[in-house]
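One structure is given below, encoded as structure tokens.
The values are calculated or read from the model by the stated rules, or taken from the named source; none is laboratory data. Because the structure is predicted, anything quoted here is derived from the model rather than measured. Cβ placement follows ideal geometry from the backbone for every residue including glycine, while neighbour counts extend to all protein chains displayed.
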Amino acid sequence: MTPPERPRLAVVGAGPAGLAAALAAADRHVDVTLIDSAPQAGGQFYRQPADEFGARRPGALHHQWRTWERLRDGLARHTVTGHIRHLTDHHVWFVERESAASYVVHALLGPEQERPATVRAAGVLIATGGYEQVLPFPGWTLPGVVTAGGAQAMLKGGLVLPGRTAVVAGTGPLLMPVAVGLAAAGAKVAALVESADPHAFARRAPALAVHPGKLAEGARYAAELLRHRVPVTVRHAVVAAEGDGRLEAVVVAALDGDGRVRPGTERRIPCDTLAVGHGMLPHTDLAEALGCRIDGPAVYADDEQRTDVPGVWAAGETTGIGGAALSLAEGRIAGLSAAARLNGRTPDTRSWAAAARTRAGLRRFFATVEAPYTPPAHWAEQLADDTVVCRCEEVPAGAVREAVDHLGAGDVRTVKLLTRAGMGWCQGRMCGPAVAALAGCEPCPARRPFARPVPLGVLARAGEDAGADS
Ligand SMILES: Cc1cc2nc3c(=O)[nH]c(=O)nc-3n(C[C@H](O)[C@H](O)[C@H](O)COP(=O)(O)OP(=O)(O)OC[C@H]3O[C@@H](n4cnc5c(N)ncnc54)[C@H](O)[C@@H]3O)c2cc1C
């Protein structure tokens, strides 16, 4: 008797969540197509250098390398058996529900992103991770100012340093690994400038103490910062980046208890790189376009990591920011659930009991550390009118304020129509939170129809191409 055909699952995103999901599903009678825009699997946390760089010790830039080896080897094993097909350089711009049991994933191929490709599957698992939030300040558009994660990506993926002397600034748990990574690779890290108040963590000590593993991780980074002699300044923020055509220095200042800059505390730090980030936000575009429920900034998922759209799962930072270990746990649960459901079975929740415990613990941990790591409360009030907020359309803060104060805009969409803020290439991904804060509005889901810019020719041929699977 021939075995029953394996159902097909499309997993979008080959980071920790997508890889864990793909392996769990492929182990349990599912054929997985793993689709990612990057040339290598690994996502942000396990970002790999291109083979042609011939990195002799790629593990040196990473933490938890054993976990990566397990994921990498599992992917290789399933690729050989044909139960996972890994499509690299595929930028997914839309996922379409064709029928109750069929989805079409639309992607653009290659660096030019002009060749269309489609993947059909009975279920879709969205594991597209998150992206960094950067709030504007005078000079933030100067060459030499990069996002904290961008600096890390240059190091891990390109094996290059963004500069010789760096300041790492903003807020969030990502700043420490970035500062340590840059220092270990040979950059002089002139300062790590964190706006959070350490007392806020001390007040949460009892809740944090139940996660000794995470505290030990933090202590390891602190010891590394000490070893590399990186000066750490807390309750401070970068108030300006200065330079003639390129970054030459940053100005940092102390914050008071309300998060306002304390006048007279400004200090200039010479540097050629500023790696700055103010936390992360989940990628929700593909889920939004599918009509999935969005809770706050993240995609809703139930205990099985199912969204509220039948046949669509979501795992990892697309469902909320919480680090690579949480993404792994959620990915495993999502993959096990998808495998059972697509094979017509009710999942046995005991199969993911350990992952569920990890998930619950890490979600509690991140809920505890989230509040102290929010950007300074009054940053928007202190932004000068001539500071560019939307860098794609070059819209200054003053134009946003004018739209609200004099032209009657009461929401982000009207601000966009009146000022063009958020209408450019990034479609508000970069400036959305800043524009919302300046306008005094709650950030809301953008409801962008497509997750990526799509050439008109591809859209025009979408009907014909939908038949041809990649
Ligand atoms: C730039 C950056 C750098 C980071 N560096 C660190 C670090 O050094 N240390 C640390 O502890 N944490 C770091 N983090 C956080 C950490 O990466 C995450 O906690 C973890 O990787 C999340 O795993 P994930 O699988 O949910 O998502 P990710 O690892 O982000 O994986 C998502 C994958 O989806 C792919 N993708 C997204 N959208 C699409 C699309 N439309 N089409 C096709 N593919 C798509 C991406 O290419 C990516 O490979 C970083 C995050 C970012 C954004």
What is the number of the single condition among (1) over 30 Å from L247 (Cα atoms); (2) within 16 Å of the ligand (Cβ to nearest atom) that A100 does not meet?
(2)
In segment 156-175, which residues are more than 9 Å from the ligand (Cβ to nearest atom) and not in a strand (DSSP E or B)?
G157, G158, L159, V160, L161, P162, G163, R164, G172, L175
Out of V145, V119, which single residue is β-branched (V, I, T), within 23 Å of S337 (Cα to Cα) and crowded, with 21+ Cβ neighbours inside 10 Å?
V119
Take the residues in segment 153-166 that are in contact with a Pro (Cβ under 9 Å, 6 or more places away or on another chain) and at negative phi, then tell me which one is modelled with the lowest pLDDT.
G158
Restricting to segment 138-152, name every residue that is out of contact with any Pro (no Cβ under 6 Å at 6 or more places or on another chain) and more than 7 Å from the ligand (Cβ to nearest atom).
P138, G139, W140, T141, L142, P143, G144, V145, A148
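Within the bounds of segment 223-234, is there any residue that is in contact with a Lys or Arg (Cβ under 8 Å, 6 or more places away or on another chain), farther than 28 Å from V261 by Cβ and more than 14 Å from the ligand (Cβ to nearest atom)? Before the answer, list the steps.
Going residue by residue through segment 223-234, those that are in contact with a Lys or Arg (Cβ under 8 Å, 6 or more places away or on another chain) are none.
No, the conditions are met nowhere in segment 223-234.
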Please verify whether G279 is surrounded by 17 or more Cβ atoms within 10 Å (Cβ to Cβ), out of contact with any Ser or Thr (no Cβ under 7 Å at 6 or more places or on another chain) and at positive phi, treating the condition exactly as stated.
no
When restricted to V251, V312, V299, the only residue at pLDDT 95 or above, of a type in the set (V, I, T) and farther than 23 Å from Y131 by Cβ is V251
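Tally up the residues in segment 50-66 that are modelled with pLDDT of 70 or more and assigned to a helix (DSSP H, G or I), please.
So the first thing to find is which residues in segment 50-66 are modelled with pLDDT of 70 or more, and the list is 50-52, 57, 63-66.
Within this subset, residues satisfying the condition of being assigned to a helix (DSSP H, G or I) are 51-52, 65-66.
Qualifying residue count, segment 50-66: 4.
With respect to I321, determine if the residue is in contact with a strand residue (DSSP E or B) (Cβ under 8 Å, 6 or more places away or on another chain) and not assigned by TED's automatic domain parsing to the domain that holds T419.
On the way: in contact with a strand residue (DSSP E or B) (Cβ under 8 Å, 6 or more places away or on another chain): yes; not assigned by TED's automatic domain parsing to the domain that holds T419: yes.
Yes.
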Exactly one condition in (1) modelled with pLDDT under 90; (2) within 25 Å of the chain's Cα centre (by Cα); (3) surrounded by fewer than 16 Cβ atoms within 10 Å (Cβ to Cβ) is not met by E69; state its number.
(1)
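Looking only at segment 307-319, filter to residues that are surrounded by fewer than 23 Cβ atoms within 10 Å (Cβ to Cβ) and in contact (Cβ under 8 Å) with a residue 40 or more places away in the chain; which one of those is farthest from the ligand (Cβ to nearest atom)? First the steps, then the outcome.
Residues of segment 307-319 surrounded by fewer than 23 Cβ atoms within 10 Å (Cβ to Cβ): 308-311.
Keeping just the survivors that are in contact (Cβ under 8 Å) with a residue 40 or more places away in the chain gives 309-311.
On the way: V309: 17, P310: 22, G311: 19 Å.
Restricting to residues being surrounded by fewer than 23 Cβ atoms within 10 Å (Cβ to Cβ) and in contact (Cβ under 8 Å) with a residue 40 or more places away in the chain, the top hit is P310.
On the given criteria, is V32 at pLDDT 95 or above, within 16 Å of the ligand (Cβ to nearest atom) and more than 16 Å from L71 (Cβ to Cβ)?
No, not satisfied.
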Take residues that are more than 23 Å from P282 (Cβ to Cβ) and tell me which of the helices (runs of 4 or more DSSP H) falling wholly in segment 381-451 contain 2 or more.
397-405, 412-419
Answer residue from segment 334-358, given it is free of Cβ contacts under 8 Å to residues at least 40 places away in the same chain and hydrophobic (A, V, I, L, M, F, W, C) and is farthest from the ligand (Cβ to nearest atom) among those:
A353
Among (1) of a type outside the set (S, T, Y); (2) on the phi < 0 side of the Ramachandran plot; (3) within 11 Å of the ligand (Cβ to nearest atom), which single condition is I294 missing?
(3)
Taking segment 427-452 only, how many residues are under 20 Å from V92 (Cα atoms), surrounded by fewer than 16 Cβ atoms within 10 Å (Cβ to Cβ) and either modelled with pLDDT of 85 or more or not assigned by TED's automatic domain parsing to the domain that holds E402 (or both)?
1
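Go over the candidates G361, G410 one by one and state the one that is out of contact with any Pro (no Cβ under 6 Å at 6 or more places or on another chain), in contact (Cβ under 8 Å) with a residue 60 or more places away in the chain and surrounded by fewer than 19 Cβ atoms within 10 Å (Cβ to Cβ). Give the derivation first.
On the way: G410 fails: in contact (Cβ under 8 Å) with a residue 60 or more places away in the chain.
The conditions single out G361.
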So, in segment 413-426, how many residues would count as being among the β-branched types (V, I, T) and surrounded by 22 or more Cβ atoms within 10 Å (Cβ to Cβ)?
2
Of (1) touching a helix residue (DSSP H, G or I) at 6+ places or on another chain (Cβ under 6 Å); (2) outside any loop (DSSP other than H, G, I, E, B), G213 fails just (1)
Within segment 309-368, residues touching a Gly at 6+ places or on another chain (Cβ under 7 Å) and in a helix (DSSP H, G or I) come out as G316, E317, T318, S327, E330, G331, A338, L342, L362, R363, F366
